[in-house]
Amino acid sequence: MEVTANLSENSINSSEEGRFQQLFKQHYPLVVRKVLVIVKEQSIAEDIAQEVFVKLYHTDPKTIHNMQGWLTKVAVNTAYNHLRTEKRHHARAEKQKIYEKNSAGSIEDRYMELEDIQEVQKTLMKLPERDRDILIMKFSGYSYEEIAKNNGVEKMSIGTLLARAKQRFKQSYMEERRGDR
């Protein structure tokens, strides 16, 4: 009994294979032409057509009422998906080129940034401790209240102290830069 069942399954599969091959031979040129109109390249159109027939192979043929319409719709959708994928791929490649182009210059930029940071740190170290603390805390995002509490001064005086510290920093920084020349 089991042997007969296996033989009958194999005969069903072989008849389905024959039906699929017949559909492939009948509709393949149409699918390639439809895709070729969209992608404009024969080899890509053939690859997409094969993809369409793989989808057909994995679809129950009983659910398809209009085979030519189904194949056309799947072919067009697959072709447009291919174009979108290629567009994204090219966009990523362009971004990568821009990044690589900028990264060569960015080594020099990074060196200049580090040099500026060192100058700022050198200038900060020349300021009185309270000025240095107030500036660092302010530009680190602390509120006036937190700065006042940390430095043991009234909250109302932080604005004035901060303005004076900025002025002293600017003056010292400019003197430092003039001295480097």
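The values are calculated or read from the model by the stated rules, or taken from the named source; none is laboratory data. These figures come from a predicted structure and were not determined experimentally. Positions of Cβ are generated from backbone atoms using ideal geometry, with glycine treated the same way; all protein chains shown enter the neighbour counts.
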Return yes when L56 is surrounded by 12 or more Cβ atoms within 10 Å (Cβ to Cβ), over 34 Å from the mean Cα position of the chain (by Cα) and either at pLDDT below 95 or assigned by TED's automatic domain parsing to the domain that holds L71 (or both) and no when it is not.
no
Residues of the range 13-44 being closer than 10 Å to L71 by Cβ and either under 34 Å from the mean Cα position of the chain (by Cα) or among the charged types (D, E, K, R) (or both), which ones?
V31, K34
Y111 vs. criteria free of Cβ contacts under 8 Å to residues at least 60 places away in the same chain and surrounded by 12 or more Cβ atoms within 10 Å (Cβ to Cβ)
no
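Examine the range 76-93 for a residue that is of a type outside the set (D, E), surrounded by 12 or more Cβ atoms within 10 Å (Cβ to Cβ) and either without any contact (Cβ under 8 Å) to a residue 12 or more places away in the chain or under 30 Å from F139 (Cβ atoms) (or both), and state whether such a residue exists.
Checking the range 76-93: at least one residue is of a type outside the set (D, E), surrounded by 12 or more Cβ atoms within 10 Å (Cβ to Cβ) and either without any contact (Cβ under 8 Å) to a residue 12 or more places away in the chain or under 30 Å from F139 (Cβ atoms) (or both).
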